[in-house]
Amino acid sequence: TGAPRNSGINNWEMYKKHIDGDADVFQRFDRIRDTALKIDEALTANAFDQVGAIFAEEWASRRELVPTITTPFIDELIEIAKRHGGEAAKVCGAGGGGCVAFYCQPGRKADVEAALNQAGGQVINYRIAREGLRVGKDKVFTTKSTKSTKGTKGTKRIVFRFMPFVIFVVNCLA
């Protein structure tokens, strides 16, 4: 977008409402958590045909939680992507500019990338990590490396897993 942004403002508004006990904020956090669980289930089951809808559901919940997470340029890029084979998109981080992740229909990634580049987006190259974040049944994160830190009792382990699917990120800042 080229516009300066302060992610702290978006984050603070959300946290303040949470601290104040806003029931709508709690409900939206619950929906975001639920979509994270649903996408984990879909990816674990290799149900990639479900991922786009879940991705879109998460984005809708985030927009309701913090309307300033998006910008007119981001909304324009999302609409352009949808016209060229994008199924869903969501802002990375606190939003207000920065990066957007897109989930595409099979075989349409190049079409979406070209359309976004033509519209002024900058596609960021990436690689899919065959092993990434893994959430166990107890939802406790541990590290794969058992590297101990001086003064720390015991060691922690984090196991990462990432299921491959068609997603890429576009930098929305000029």
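Residue by residue through segment 104-119, what is 3J(HN,Hα) from phi via Karplus (6.51 cos²θ - 1.76 cosθ + 1.60, θ = phi - 60°)? Round to whole Hz and write x for glycine and proline.
10, 5, x, x, 10, 4, 4, 5, 5, 4, 4, 5, 5, 4, 5, 7
With a ≥ b ≥ c taken as the square roots of the eigenvalues of the C-alpha gyration tensor of segment 1-126, please select rounded if a/c is under 1.5 and otherwise prolate if a/b is larger than b/c or oblate if it is not? Kindly include the intermediate steps, with their values, before the conclusion.
Working: a/c = 2.59, a/b = 1.25, b/c = 2.08.
Oblate, because a/c is 1.5 or more while a/b does not exceed b/c.
Sorted by accessible area with a 1.4 angstrom probe, largest first, how do 33, 127 fall? Please report the intermediate quantities before stating the final value.
Numbers: 33 120, 127 215 Å².
My answer, sorted largest first, is 127, 33.
For residue 89, enumerate residues with amide H under 5 Å from its amide H, sequence gap 5+ or separate chain, H modeled in the peptide plane.
Here the answer is 103, since their amide H atoms fall under 5 Å of that of residue 89.
For a quick check: with amide H placed at 1.01 Å from N, whose amide H comes under 5 Å from residue 99's, ignoring anything fewer than 5 positions away on the same chain?
92, 172
The values are calculated or read from the model by the stated rules, or taken from the named source; none is laboratory data. Computed from a predicted structure; not experimentally measured. Surface accessibility is based on the protein's heavy atoms, side chains included, excluding ligands, DNA and RNA. Shrake-Rupley method; radii C 1.70, N 1.55, O 1.52, S 1.80 Å.
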